[in-house]
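**Q** Take this structure, written in structure tokens, and hold onto it; I'll ask about it next.
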Amino acid sequence: MSEETTSAVRQPAWVRISHWVNALCVLVLVTSGWRIYNASPIFDFRFPKPLVLGGWLGGALLWHFAAMWLLVGNAAGYLLLNVFTGRLRRRFFPLSAPQVLADLRAALRGRLDHSNLAQYNAVQKAAYLGAWALLLVVVLSGLAVWKSVQLPLLRELMGGFDNARIVHFFAMGGLVLFSAVHVLMVVLVPSTLRGMVLGR
Amino acid sequence: MNVRKALSSLQGSLTPADQRELVKEATGLLKPSARRLVLRHGLTMGGLALLTGCSATSSDEAERLLMKVSRFNDKVQAWLFDPNRMAPTYPESMITRPFPFNAYYEEFEAPVIDGKGFFLQVSGLVRKRDIWSLEQLNALPQEEQITRHICVEGWSAIGRWGGVRFSNFLERIGADTTARYVGFRCADDYFTSIDMPTALHRQTLLALTYDGQTLPRKYGFPMKLRIPTKLGYKNPKHIVEIFVTNDYPGGYWEDQGYNWFGGS
């Protein structure tokens, strides 16, 4: 039954909605986060003004601490639906390191088959799971920065307040890198965009 | 800015009652400019606004919505706040030296206050509306803490503060601890307010010393409220008046958009 629905509809509506809500949240959180970072840079650079959201620090914090709720709520809904509809198991597994390597080699030689977009190749599976793992790290480290006194376990897990900021920064960096590659892949295989908008 | 400078130069020669009037008047004068500051900062979306062609009206709408979420975040933080959860404390070797100066003005602009003629005003929902000299405050039981100061900007620094446990002070002045807020007015025209549970937290300190010395001017002479469970802007310096109230008093930065609870 579910096999038929997946072949007719490549991405169910709830996946498409949560994908675009997530994309918007990440955009708002990353650009407002850059403005917050600029108030006290960890490294020897600042993000250019035209790229940051919120105007001043207070505005960026308002955006950041509003979008975080939407991101977490949306991600929770996505994860629950993935688990309970069986999509997680169907779409992302089985997955093995040799498969990922083989598909990666094929992709780099331009020989990866994109005829059946209802199935993720192993590189896609690994990349998407990796992106969700990064989102988890970015949320947990963000909580440790926000509530370093009230959440001592999380604070210690991140190596203290100052270190939690660094973890938060690199998780953001990983997500931005993922997004850049992700968008590049969409440019190379444009029919995937249609799938994520129209579902087929 | 000029009002504040005039104020601090005048303060030495005025009685506490006169000072209070002057502070009140000055705060009244300053408020409109603080509002202009909101407009100047704006909450505009920068490039994103251009991209979507957001008009000024929709940016006002966005601002209102974001402030609503910020009020919601106050409630979440109040709910998350555990009165028995202590902020971590550190050994003396970990103290940040020099401990950074931080304010909405430069260090040389910090108010100059004569400790001898100084009186702290206590008002609002308290049994003993009174003034306190520094001698009286120094005579109260003192304690110390080495804790991490976390700035809203993201940096942090470890410092050593000493003074009167704030809950003891609130008890002494007969504060109505069922009231919602404790507000602070400062000699540098800064003002802020905190929730009662945080005011009663065991680590909330009416700090009179820094690193074993009388609190220096740059760190908030004659006293600052040290709250290791809150961000730096919730730790007012140069306090001249403490009041207990049920009417939301806001704050210098909070009125411009910083989150009010500002918990850590």
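Read the figures in this text as sums done on the coordinates, not as results from a lab. In this text, all values refer to a predicted model and were calculated from it rather than measured experimentally. Cβ placement follows ideal geometry from the backbone for every residue including glycine, while neighbour counts extend to all protein chains displayed.
**Q** Hey, with R₀ at 25 Å, roughly what FRET efficiency would A:Thr85 and A:Leu198 work out to, going by the Cβ-Cβ distance, to 0.05? Provide the component values of the computation, followed by the final result.
**A** Details: r = 20 Å, r/R0 = 0.79.
So, using R0 = 25 Å, E works out to roughly 0.80.
**Q** Let me ask something additional. With loop defined by DSSP as not H, G, I, E or B, and exposure as at most 10 other Cβ atoms within 10 Å, which is the longest segment of chain A clear of exposed chymotrypsin sites (Phe, Trp or Tyr not before Pro)? Can you show the working numbers first?
**A** Details: sites that count: A:Phe43, A:Phe45.
Looking at chain A, A:46-200 is the longest stretch - no exposed chymotrypsin sites (Phe, Trp or Tyr not before Pro) with at most 10 other Cβ atoms within 10 Å.
**Q** Quick one: order B:Asp189, B:Asp211 by neighbouring beta-carbon count within 10 Å, fewest to most. Write out the running numbers ahead of the final one.
**A** Working: B:Asp189 22, B:Asp211 17.
Ascending Cβ contact count within 10 Å gives the list B:Asp211, B:Asp189.
**Q** Further question on the same structure: Within 10 Å of each Cβ in peptide A:48-61, how many partner chain Cβ atoms are there on average? Round it to a whole number, please. Walk me through the numbers before you get to the answer.
**A** Values: counts 1, 2, 3, 3, 4, 7, 9, 10, 9, 7, 12, 12, 3, 7.
Per-residue shielding by partner chains comes out at 6.
**Q** Per DSSP H run of at least 4 residues, take -39500 (n - 2.57); add these up for the protein assembly as shown, divide by its residues and hand me the 222 nm value, nearest 500 deg cm²/dmol.
**A** Details: 16 runs with 230 residues, N = 464.
Mean residue ellipticity at 222 nm (helix-derived): -16000 deg cm²/dmol.
**Q** Could I ask something else about it? May I ask which of B:Lys75/B:Lys128; B:Lys68/B:Lys224; A:Lys49/B:Lys75; B:Lys68/B:Lys230; A:Lys147/B:Lys128 have a Cα-Cα span longer than 28 Å here? Write out the running numbers ahead of the final one.
**A** Working: B:Lys75/B:Lys128 31 Å; B:Lys68/B:Lys224 30 Å; A:Lys49/B:Lys75 32 Å; B:Lys68/B:Lys230 21 Å; A:Lys147/B:Lys128 36 Å.
Checking Cα-Cα distances, B:Lys75/B:Lys128; B:Lys68/B:Lys224; A:Lys49/B:Lys75; A:Lys147/B:Lys128 exceed 28 Å.
**Q** Relative contact order for the stretch A:2-198: what percent, with Cα pairs under 8 Å and sequence separation of 6 or more?
**A** Values: 158 pairs, mean separation 35.7, N = 197.
So the answer I get is 18 percent.
**Q** With only Lys, Arg, Asp and Glu charged, each at its Cβ (+1 for the first two, -1 for the last two), find how big the charge dipole of the stretch A:2-198 is about the Cα centre; round to the nearest 20 debye. Walk me through the intermediate numbers first.
**A** Working: 17 positive and 7 negative charges, 45 e Å.
The calculated dipole for the stretch A:2-198 is roughly 220 debye.
**Q** I want the local charge near B:Arg160. Using Cβ-Cβ distances under 14 Å, sum +1 for each Lys or Arg and -1 for each Asp or Glu among the other residues. Don't jump to the answer; show the numbers that get you there.
**A** Working: positive: B:Arg97, B:Arg148, B:Lys224, B:Arg226; negative: B:Glu92, B:Glu143, B:Glu144, B:Asp211.
Once positives and negatives cancel, what remains is 0.
**Q** If the only charges are +1 at each Lys and Arg Cβ and -1 at each Asp and Glu Cβ, what is the size of the charge dipole of the protein assembly as shown around the Cα centre, to the nearest 20 debye?
**A** Working: 50 positive and 35 negative charges, 237 e Å.
That gives a dipole near 1140 debye.
**Q** Of the trypsin sites (Lys or Arg not before Pro) in the stretch B:104-176, which ones lie in a loop per DSSP and count no more than 15 other C-beta atoms within 10 Å?
**A** Values: sites: B:Lys116, B:Arg127, B:Lys128, B:Arg129, B:Arg148, B:Arg160, B:Arg165, B:Arg172; in loops: B:Lys116, B:Arg127, B:Lys128, B:Arg129.
Answer by residue number: B:Lys116, B:Arg127, B:Lys128, B:Arg129.
**Q** Excluding A:Trp34 itself, calculate the net charge of residues whose Cβ lies under 11 Å from the Cβ of A:Trp34, where each Lys or Arg counts +1 and each Asp or Glu counts -1. Let's see the in-between values first.
**A** Working: positive: A:Arg35, A:Arg46, A:Lys49; negative: none.
Counting the neighbours of A:Trp34, the net charge comes to +3.
**Q** Return, ordered by residue number, the residues of the stretch A:43-87 whose backbone nitrogen is under 18 Å from a label point located 7 Å along Cα→Cβ of A:Ala133.
**A** Residues passing the 18 Å test: A:79.
**Q** List the aspartates and glutamates whose Cα sits under 16 Å from the Cα of B:Lys234, skipping any in the same chain fewer than 8 residues away.
**A** B:Asp74, B:Glu153, B:Asp188, B:Asp189, B:Asp195, B:Glu254, B:Asp255
**Q** Rounded to the nearest 10 degrees, what's the angle between the helix A:13-39 long axis and the longest principal axis of chain A, both from Cα atoms, 0 to 90?
**A** Relative to chain A, helix A:13-39 is tipped by roughly 30 degrees.
**Q** Also, quick follow-up: If you project the alpha carbons of the stretch A:2-198 onto the principal axes, what extent comes out on each, in Å, largest first?
**A** Projected onto its principal axes, the Cα set of the stretch A:2-198 covers 50, 34, 33 Å.
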